Amino acid sequence: WAKADGKARWTLFDPERNAHRMTRQALSSTLRPAVERGEFVLQYQPLVGLVDGVVRGVEALVRWRHPQLGMLPPNRFIGLAEETGAIVPLGRWVLGTACRQARLWQLAHPAEPIVVSVNVAVRQVWDSDLVSDVAAILAETGLPPRLLQLELTESAVMGSAGRPLQQLRQLSDMGVAIAIDDFGTGYSNLAYLSRLPVSTLKLDGSFVRGFRAEEPPNPADETIVEALVQLAHRLGITVTAECVESAEQAERLGRIGCDTGQGWFYSRPVPADSISSLLTTGVRP
Ligand code: C2E
Ligand code: MG
Ligand code: MG
Ligand code: MG
């Protein structure tokens with residue numbers, strides 16, 4: 001307890017919370033220079049055909065190699081980067097790095113097209129010229145647009161009339177794939193999404209969790225996911241299941257028609273080099 005103003009008001013002093021807030025402020029102010037200093041790295045996690053076990057793509061996931069705090073996961077800084085606007089230069093760096101890497105994989109494995117899937121924050125669609133950024137990066141790296149997928153959350157596309165929607169259409173017209181990330185956690189629905197140029201739904205891990213063998217199967221979970229997948233397919237949309245952690249989940253998700261899976265069962269997010277060797281050896285079926 002600390003006496004706040006010498007009179008009757010007392011405020012709670014929590015050193016841990018204070019340290020946390022200071023860290024937030026410190027991180028927040030150093031985000032932009034950290035982008036310039038090259039402190040961020042990408043890891044990649046395979047997107048695998050659930051039935052054939054073929055690696056179709058990889059999701060790029062950013063980490064901050066902080067000089068004092070070590071490797072920071074995105075939940076420590078993406079929110080801050082969105083608040084401060086640093087997400088725009090950071091997002092540009094992520095796009096450029098991921099596309100350059102994907103072009104190297106394409107050249108090394110011309111027979112097996114590997115899509116690189118890049119997370120895009122709301123602000124990149126609403127406040128920045130994402131279309132010219134993407135066009136410039138594709139031109140510079142030589143990556144064919146069909147090998148790039150952009151992942152947006154439902155909240156990023158909800159109510160995306162006007163410029164954001166126009167940007168999505170232009171990207172889609174260029175041949176870039178648009179995926180809805182964490183699908184099922186927001187309030188959008190397929191009827192709405194079908195009017196947007198969406199080619200893939202990434203089914204949130206919370207749906208996939210119900211597909212574990214240890215738990216008594218909840219028939220409702222499976223019925224809902226199966227109906228969702230059928231509807232998506234009729235709309236020409238493919239479905240990726242997130243957080244596939246076991247063989248049972250992969251098997252059951254494949255059986256009800258999910259196209260691709262991503263999760264620890266196949267691989268954790270790993271450095272680019274590990275993906276290169278994995279493309280040579282393959283993942284488990
Ligand atoms: P996301 O796009 O939904 O990415 C999937 C997250 O699930 C990743 O966490 C991944 O490591 C984790 N994951 C993968 N497989 C499994 C599994 O089998 N089980 C469990 N429990 N988790 C699994 P990560 O790397 O910590 O990223 C968290 C979030 O940060 C991402 O969620 C995404 O929203 C955001 N993010 C990551 N990189 C970027 C980026 O470059 N730009 C932006 N704007 N956001 C990013
Ligand atoms: Mg994602
Ligand atoms: Mg996701
Ligand atoms: Mg998720």
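Some values worked out for this structure:
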| item | result |
| --- | --- |
| Using a Förster distance of 30 Å, the FRET efficiency for Ala220-Ser194 (Cβ separation, nearest 0.05) | 0.80 |
| Cα-based shape type of the stretch 59-101, given that a ≥ b ≥ c are square roots of the gyration tensor eigenvalues and the cut on a/c is 1.5 | oblate |
| DSSP-defined beta bridges in the stretch 56-176 - what % are antiparallel, rounded to 5 | 25 |
| Share of alpha-carbon pairs per 10 Å distance bin for the chain, given as whole % | 6, 26, 32, 23, 9, 3, 1, 0 |
| Taking the C-alpha atoms of the stretch 84-216, convex hull volume expressed per residue in Å³ | 142 |
| Relative contact order, percent, the chain [alpha-carbon distance under 8 Å, six or more residues apart] | 19 |
| Ascending count of other beta-carbon atoms within 10 Å, so fewest first, for Thr30, Thr240, Thr223 | Thr223, Thr30, Thr240 |
| Cα-derived Rg over Rh, computed across the stretch 239-285 with Rh taken as Kirkwood radius | 1.00 |
| Distance histogram in 5 Å bins (all Cα pairs of the stretch 138-247, percent per bin) | 2, 11, 20, 22, 17, 12, 8, 5, 2, 1, 0 |
| For Val122, Val157, order by how many other beta-carbon atoms lie within 10 Å, fewest first | Val122, Val157 |
| For the chain, share of DSSP beta bridges that run antiparallel, in % to the nearest 5 | 45 |
| Gaussian network model of the chain, springs between alpha carbon atoms under 10 Å - residue of Asn119, Asn75, Asn189 with greatest fluctuation | Asn75 |
| Spatial separation of Cα centroids for the stretch 124-198 and the stretch 220-282, in angstrom | 21 |
| Footprinting exposure proxy for Ser188, Ser28 (fewest neighbouring C-beta atoms within 10 Å first) | Ser28, Ser188 |
| Pairwise FRET efficiency - Ala108 versus Arg234, Cβ, R0 = 51 Å, nearest 0.05 | 0.90 |
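Laboratory data are not the source of any read-out in this text; all were calculated from the coordinates shown. All values derive from a computational prediction rather than experimental measurement. Note that we place each Cβ from the backbone using ideal geometry, even for glycine, and neighbour counts take in every protein chain shown.
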